[in-house]
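Working notes for the structure below.
Just so it is clear, none of the values below were taken in a lab; they were calculated from the coordinates. As the structure is a prediction and not an experimental result, all values here were calculated from the model. Reconstructed Cβ throughout: ideal geometry from the backbone, glycine too, with neighbour counts over all protein chains shown.
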Amino acid sequence: MGALTDEIFAPERPGYFGSFGGAFVPEILRSTLDELIEVFDEARADESFWPEFLQVMQSYSCRPTPITYLENLTREIGGAQIFIKREDLNQTGAHKANNVMGQGLLVKRMGKRRVIAETGAGQHGVATATMAARFGLDCTIYMGAVDVERQRPNVFWMEQLGATVVAVEDGAATLKDAINECLRDWAYSMEDTHYALGTACGPHPFPQIVAYFQRIIGLESREQMLACPARLPDRVYACVGGGSNATGLFLGFLEDPEVELVGIEAGGLGLSSGQHAARLAGGMGVPGVAQGYKTYFFQNDEGQMQHTHSVSAGLDYIGVSPILAHWHECGRMRTESATDAEVIDALKLLMRTEGIIGALESCHGLAGGLREAATMDPEQTVLINMSGRGDKDIFTIADALDDAKWKEFLRQKVDKL
């Protein structure tokens, strides 16, 4: 590991990344966090653990996922050559499987019998329910009521996999509120329950744990790019909600100063509208402490959390990974945003030119990457993390496209009820 990577996995101040991170939790949770830290440290020190994780991911989740050169889209856009990392081909259709299967191995070491998780877009919920089925664990998923409605296909699959899905009505009824409910549950059930937090946020050691497992994306990507096109990319892009897929991809190139790391946040209806989730790119994020850790949060002058907006259910979180906050502040990561309209246009272009249906979250990274690739030279390359596939977004996408045939299909289904 290099100096920047050591800051993540062997920091001088445990649990902190620069001035961000920490574990600001009620005393009742302290002992279970200490237990998790101990088990995680023991697992990392065990030379057999990472190979065991790789074996699980190779045999169960189709890893390594490939890198695809978007020849048609490159020709359409002009400028730099465009590559995508195909996390959409993972088990359950997103990068989320990397983290939850890794945490499942930790649960086995702790001997606990139940897992809980929060989810926004539903991909982490489906992945956690899959892991619970695989390892024979009870599973409860907390999901904001708004997200339950716009991600009904994922709710259906979570329940079919045996999980109990709890719709959270509090607050804005989105991801932050689902996290709050998970923390409440965990405070009363920690003796036999593990909270499989889905993104690189929350109290220590969760950001470190999620980064540890998701770095498989970046490690594979670096090796694959050096094989073909036989050079490192000039820029790598990833969407940024909580930050797990971005953290995982960027860790593969963190020690390569010639590779620019670019995070793309949800620009929503535009930064001037206030209806977005651009905490870093929008300059509206303020350092603060909430949900057990310190980072940039979307909050007002009184410290009250603001409502966010995004066409995607997975990017409308109020905070951002303390790891990404540190990289943003020290200048290692540049942060931009993409609006809802730009994201829909990028998805349409990807589908029509390459036959790939990306998740709305992932298409934020795509939109930002395409916008900048068009201004670059043809000998340059960009790599974009396609962190998930778009099956789950069919209702939202069809509505955004105002598809007449889809509306007629829904009307016919309703008439048959």
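When the trypsin sites (Lys or Arg not before Pro) in region 101-141 are filtered for DSSP coil states and for at most 15 other beta-carbon atoms within 10 Å of their beta-carbon, the remaining sites are 113. Taking only the alpha carbons of region 1-145, we obtain Rg and Dmax values of 18.5, 57 Å in that order. Centre-to-centre, using Cα atoms only, region 26-80 and region 343-417 are separated by 25 Å.
Is the C-alpha gyration tensor of region 95-146 telling us rounded, prolate or oblate? Criteria: a/c under 1.5 is rounded; beyond that, a/b larger than b/c is prolate, otherwise oblate. Before the final figure, lay out each step's value.
Values: a/c = 2.38, a/b = 1.62, b/c = 1.47.
Taking the square roots of the gyration eigenvalues as a ≥ b ≥ c, region 95-146 is prolate.
Can you pull out the trypsin sites (Lys or Arg not before Pro) in region 222-305 that DSSP calls coil and that have at most 13 other Cβ atoms within 10 Å?
On the way: sites: 222, 231, 235, 279, 294; in loops: 231, 279.
Passing sites in region 222-305 are 231.
Rounded, prolate or oblate: which fits the chain, taking a ≥ b ≥ c as square roots of the Cα gyration tensor eigenvalues, rounded meaning a/c under 1.5, else prolate when a/b beats b/c? Rounded, since a/c falls under 1.5. For region 112-195, GluC sites (Glu not before Pro) meeting the loop criterion (DSSP other than H, G, I, E, B) and having at most 15 other Cβ atoms within 10 Å: 169, 191.
Here the ratio of the Cα radius of gyration of region 217-366 to 2.2 N^0.38 Å is 1.06. Straight Cα distances below 23 angstrom link residue 405 to the lysines 348, 392, 413, 416, with same-chain residues fewer than 8 positions distant left out. Nearest 5 is fine: what % of DSSP beta bridges in the chain come out antiparallel, could you say? Of the beta bridges lying entirely in the chain, close to 30 percent run antiparallel. Each stretch of four or more DSSP H residues adds -39500 (n - 2.57); spread over every residue of the chain, this sum gives -14000 deg cm²/dmol at 222 nm.
What helices in the chain pass both tests, a Cα length along the helix axis of 15 Å or more and a mean Kyte hydropathy of -1.0 or higher, using whole DSSP H runs? Walk me through the intermediate numbers first.
On the way: long enough: 27-45 (28 Å, -0.03); 49-60 (16 Å, 0.03); 96-110 (21 Å, -0.13); 123-135 (18 Å, 0.24); 175-189 (21 Å, -0.48); 206-227 (33 Å, 0.26); 340-354 (21 Å, 0.17); 362-373 (16 Å, 0.04); 404-416 (18 Å, -1.45).
Going by DSSP H runs, the hits are 27-45, 49-60, 96-110, 123-135, 175-189, 206-227, 340-354, 362-373.
For region 69-75, the Karplus equation 6.51 cos²θ - 1.76 cosθ + 1.60, evaluated at θ = phi - 60°, returns couplings of 7, 8, 5, 5, 5, 4, 5 Hz by residue, with Gly and Pro reported as x.
Can you give me the Kirkwood hydrodynamic radius for region 189-232, using every pair of distinct Cα atoms, in Å to one decimal?
Details: mean 1/r = 0.0802 Å⁻¹.
Across region 189-232, the inverse of the average 1/r is 12.5 Å.
Shape verdict for region 86-186, please, from the Cα gyration tensor: rounded (a/c under 1.5), prolate (a/b greater than b/c) or oblate. Cα axes put region 86-186 in the oblate bin.
Restricting the calculation to alpha carbons of region 302-412 gives Rg and Dmax of 16.5, 55 angstrom.
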